[in-house]
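Let me begin by presenting the structure, written as structure tokens, before commenting on it.
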Amino acid sequence: MRWDERKEVNPAQWLAGHDFIRESLRSTDWATTPLGPIEGWPQSLRTALGICLQSPTPCCLAWGPGRSQLYNQAYAQLCGEAGSAAPALGQDFAATWREAWPSMRSSFECAQRAAPSLLGNQRVLIDRQGTREEAIMTFSFVPVCDESGGVGGVLVSLLDPEPAALRLELDRANEELKQLGYTLSHDLRSPLRTLEAMAHMVVTEHSPQLPGDAQALLNQIARGAKKLADRIDAVSRVSRLTRAPLSRRRVDVATLVGSLVVELRNAAPERHIDVVLGELPEIDGDPELLRLVFANILSNAFKFTRKVTQARIEVTGQRQGQHVVYYIKDNGAGFEMQYAGKLFGLFQRMHAESEFEGAGVGLALARRLVERHGGTIRAEARSNEGATFSLALPA
Amino acid sequence: MSAHILIIEDNEMSLALAEYLLRREGYTTSTAVDGDTGVSLALENTADLILCDLDLPSMDGPEVATALRTHADWRAVPIVAFTAASMNEQQRRSLVGTFDGCIAKPIDPGSFSSAIIPYLMPTLRASQG
């Protein structure tokens, strides 16, 4: 670089603009860095930096033998610079990508020798909303000539990965999830079931030797272990069902709901419930999974009308554009709408366990299954005035 | 006289539960927490039944069973596998020939002691069983 030929240029002109990167570029004391005072930067560096700052993708100019970094806002965000300071400005590019540098180095140096290169699908750590996360990115390295005709720096652009790489990444994540499911059911559930059995046996077989409060504690241990093991079973089940492939067919919802109502009535023969079934249009969907959706919502309607003198449940449906919306309305316990956000969360309950039994799994599962069908589920309710669930499913 | 049962299981909780349930029925038990120890104890030929976990550190369950069956000093007694409930039919079938039978884990206290009965000579069965 022929620094002797440089002309003084006012950075206020070519670095005009108020985004935090331009402001940081102007306010940094470059005189103490390998790049030297900003007024003396060569035209080649200024032009390349101009391209870099304008680039819509994360982009960085690594200049000189020290690979001093100058970069745009998108790149700053990726590196976790939240929009007020840019401490990586002027730092070594290799230090910013410390973890990936060993695999990135030869491509970078290739560009330093004037040959552009592309490094696909690198696993790197980037910043997402304040946390460092693994991501897959493709790096493009473009040599930038300086006034001497040699390579003054390398323009690095970060690109989103190719679809095939995303697919691979998704498969990997799914595999990990499956593995986690196995760990859950095998390594966590089993010892809990054993713990439950042991505590139960101590109470039932050795109660004469145990003081009453010790028995009560052991009972709690057994119940706690059972509850945890049940929850693990539920998580495994929800995860399995929400990953199962959909086998779509024409589903006769009227017959489906009719048979569920018969089952629920048979399970509680002592109750007198008015069940009104309106028109229930057919839809395309997975019959088994939709059966689970309706079973969960209907059994809730049966359960939460238990304390009402004249229980009434209405199931209706109507076509609305591309969707069929089904309404399941009851006059049961309902809930406070302010807690509606919790309703479809796993293990969330709206009523005390002593008042209405249940693990808080049914609606969480229903929501996931409805969403897998491309539909939505909503609930409207008032405390002690019943609830209406509406399911919108693609027709 | 009731049977002597050797339990080879590395999971302490399962081992403790199995031992408790068997002793409660009047059986004598001995235990090993890895395959190598299990094989040495089995070759002492004092056990009437061996319960063996599949997933053991170092030598695994099928290796234990195979080592015993091919050993010159082995006095054949039934070897029953502890299997995970998640095991599918095909995996279960692959155990035929190596093991005499299997009992699913986690151990169910209600059925465990009766599940081992078929593998014991009638004279060695616990009286309550």
Please work out how many pairs of lysine residues in chain A are eight or more positions apart (or on different chains) and have Cα atoms closer than 28 angstrom.
-> 14
Classify the protein assembly as shown as rounded, prolate or oblate from the Cα gyration tensor: take a ≥ b ≥ c as the square roots of its eigenvalues, call it rounded if a/c is under 1.5, otherwise prolate when a/b beats b/c and oblate if not.
-> oblate
Given a Förster distance of 45 Å, the FRET efficiency implied by the Cβ-Cβ spacing of A:Asn10 and A:Arg113, rounded to the nearest 0.05, works out to 0.85
Simple Cβ-charge dipole of chain A, Lys/Arg +1 and Asp/Glu -1, about Cα centre, in debye nearest 20 = 800
Inter-site label distance for A:Glu380 and A:Asn121 at 7 Å from Cα along Cβ, in nm | 4.9
For labels at A:Ser106 and A:Tyr182 in the simple 7 Å Cα→Cβ model, what's the distance in nm?
-> 3.4
Only helices counted: for chain A, with every DSSP H run of 4 or more residues adding -39500 (n - 2.57) and the sum spread over all residues, [θ] at 222 nm is -13000 deg cm²/dmol
Going by the alpha-carbon gyration tensor, a ≥ b ≥ c the square roots of its eigenvalues, is segment A:292-382 rounded (a/c under 1.5) or, if a/c is not under 1.5, prolate (a/b greater than b/c) versus oblate?
-> oblate
For peptide A:182-193, the mean count of other chain Cβ atoms within 10 Å per residue Cβ is 3
Honestly chain B on the Cα gyration tensor test (a ≥ b ≥ c root eigenvalues; a/c under 1.5 rounded, otherwise a/b vs b/c for prolate or oblate) is just rounded
Residue span A:Asp213 to A:His351: 0.36 nm per residue of separation minus Cα-Cα distance leaves a gain in nm of 46.8 nm
Can you work out the PRE-style zone for A:Ala31? Point 7 Å along Cα to Cβ, and I want the residues of segment A:41-73 with backbone N under 16 Å.
-> A:41
Between segment A:88-124 and segment B:1-73, what's the alpha-carbon centroid distance in Å?
-> 57
What residue among B:Val39, B:Leu17, B:Ala3 has its Cα farthest toward the positive end of the dipole of segment B:1-53, where the charges are +1 on Lys, Arg and -1 on Asp, Glu, each on the Cβ?
-> B:Ala3
Span-like helix ranges in chain A, DSSP H, alpha carbon extent 20 angstrom or more, Kyte mean at least 0.5 | A:253-267, A:287-304
Of A:Leu155, A:Cys60, A:Leu119, whose Cα points farthest to the positive end of the dipole of chain A (charges on the beta-carbon: +1 Lys, Arg; -1 Asp, Glu; origin at the Cα centre)?
-> A:Leu119
For each of A:Met350, A:Met104, A:Met337, count neighbouring Cβ atoms within 10 Å of the residue's Cβ, then give the residues from fewest to most.
-> A:Met337, A:Met104, A:Met350
Based on the Cβ-Cβ distance from A:Arg132 to B:Trp74, what FRET efficiency comes out when R0 is 51 Å, to the nearest 0.05?
-> 0.35
May I ask you to sort A:Cys52, B:Cys102 by Cβ crowding, counting other Cβ atoms within 10 Å and putting the fewest first?
-> B:Cys102, A:Cys52
PRE zone check, label point 7 Å out along Cα-to-Cβ of A:Phe20, amide N under 16 Å, scope segment A:112-143, hits A:127-132
Inter-probe distance in nm under a simple model that places probes 7 Å from Cα toward Cβ, at A:Thr57 and A:Met337 = 4.7
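Computed from the coordinates by the stated procedures, all read-outs in this text should not be read as laboratory data. From a predicted model like this one, the values you see are computed outputs, not experimental measurements. Please note: Cβ atoms are built from the backbone with ideal geometry, for glycine as well, and neighbour counts cover all protein chains shown.
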